[in-house]
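Written out below as structure tokens is the structure these notes cover.
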Amino acid sequence: MKQDSSNQYLRTKVMTASPAELRLMLIEGAIRFCGQGREGLATKNYEQSFEGLTQAKAIIMELINGLRPEIDAELCARLSSLYTFMYTRLIEANLEKAPEMIDEVIKLLDYERETWTLLIEKLAEERKSGAVSANSAEPKPHAMSTLSVEG
């Protein structure tokens, strides 16, 4: 029964989230699955590692595919490069059985999560002050262009 209520909660959360909030959920999922993969490597549970890293790579690929270069081509190119690096690093970590490589990806994803959290907070403040329409679910190009992927 608890699993059903958890699934219903998640389904509702996803269906009511803005695109920025959905992206944040993907980033958080990638962090969670990287942690699972890392734990698997550290304990030599290679099935757990494979499952976690496979899910993390799928999410990172979704993050790449969700980029919208028509909004900010330069930012999307930088993010695509960052996500491609993360994806490649997870493949290398799995091949070399190196948890420290996963730690690098988790660190980058944590930074990305912080950035998106700040963006969502900024958008919420703008909506409160009337600067952004209540019906707007997309970050405006000027808001997205202030994001930095360097850390």
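The values are calculated or read from the model by the stated rules, or taken from the named source; none is laboratory data. Since the model is a prediction, treat every value here as computed from it, not as a measurement. Don't worry about glycine lacking a Cβ; one is built from the backbone with ideal geometry, like all the others, and counts go over all protein chains shown.
Table: residues versus (1) farther than 16 Å from ARG23 by Cβ; (2) under 18 Å from the mean Cα position of the chain (by Cα).
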site	(1), (2)
GLY66	no, yes
PRO69	no, yes
SER80	no, yes
TYR83	no, yes
LEU95	yes, no
ILE102	yes, yes
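With the condition kept exactly as written, say whether any residue in region 73-94 is assigned to a loop (DSSP other than H, G, I, E, B) and in contact (Cβ under 8 Å) with a residue 24 or more places away in the chain.
The answer is no, given that none of the residues of region 73-94 is assigned to a loop (DSSP other than H, G, I, E, B) and in contact (Cβ under 8 Å) with a residue 24 or more places away in the chain.
Looking at region 45-64 only, could you name the residues that are aliphatic (A, V, I, L, M) and in contact with a helix residue (DSSP H, G or I) (Cβ under 8 Å, 6 or more places away or on another chain)?
Passing the criteria: LEU53, ALA56, ILE59, ILE60, MET61, LEU63, ILE64.
Taking into account only those residues within region 1-45 that are hydroxyl-bearing (Ser, Thr, Tyr) and either more than 25 Å from LYS97 (Cβ to Cβ) or touching a Phe, Trp or Tyr at 6+ places or on another chain (Cβ under 6 Å) (or both), which is modelled with the lowest pLDDT?
Out of the qualifying residues, it is TYR9.
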